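Okay, so here's the structure we're looking at.
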Amino acid sequence: MEVLHAPWRIDYILGPKGPAQPGNASLFESIGQSNDDVANHVVGRGKTCYAVLNTYPYNGGHIMVVPYRLVPDLEQLTDAEMLEIMQWLRRCQRALRSVMRPDGFNIGVNLGRVAGAGIVEHLHLHVVPRWIGDSNFMPVIAGTSVLPEALRETAAKLRAALAAQDQSQP
């Protein structure tokens, strides 16, 4: 039997799982307020939201678009926030297409714990690149995803692709 080592998962296993405690920022608020985009795998920032690689992704290149403001549901977003989030979803899809060349995408949002939301109190939208044949025995039998590239390297490539989009805009 071969052993697959994924030492970065220990941070998730041992880390806090519940909602933010009163007086403490949620994970997404902390990332939104941080200046260390490299350490947090932030690939881009807008006025009302930011895009960040999922540290524990379903697939390589799994990006989340997150409003800076702590809101649990789409209904609480302003029109400006909703528009910018959708624009960032499109930008991330474009960047992933150029960097990783996926065959398709899963794009969505989980609202509420019963719907699969891991951080219920802070809305976030997912952009997950997919490839033909990417669902193999690892996620099905072992509950494990295999990432072909380190998050830091993927984030750097996506930042460059997003910067190139900015430069090509009139």
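Laid out as a table, the results:
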{"item": "Sequence of Thr78, Thr154 once ranked by neighbouring C-beta atoms within 10 Å, starting from the fewest", "result": "Thr78, Thr154"}
{"item": "In range of the label at Val71: residues from the range 27-54 whose backbone nitrogen is under 12 Å from the point 7 Å along Cα→Cβ", "result": "48-49"}
{"item": "D (Stokes-Einstein, µm²/s), Kirkwood Cα radius, the range 38-128, 0.692 mPa s at 37 °C", "result": "246 µm²/s"}
{"item": "Relative packing of 83-90, 103-110, which averages over residues the other C-beta atoms within 10 Å, highest first", "result": "83-90, 103-110"}
{"item": "Förster radius 25 Å - calculated FRET efficiency between Lys47 and Leu111 (Cβ-Cβ, nearest 0.05)", "result": "0.60"}
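Read the figures in this text as sums done on the coordinates, not as results from a lab. Fair warning: this is a prediction, and the values are worked out from it, not measured in the lab. Positions of Cβ are generated from backbone atoms using ideal geometry, with glycine treated the same way; all protein chains shown enter the neighbour counts.
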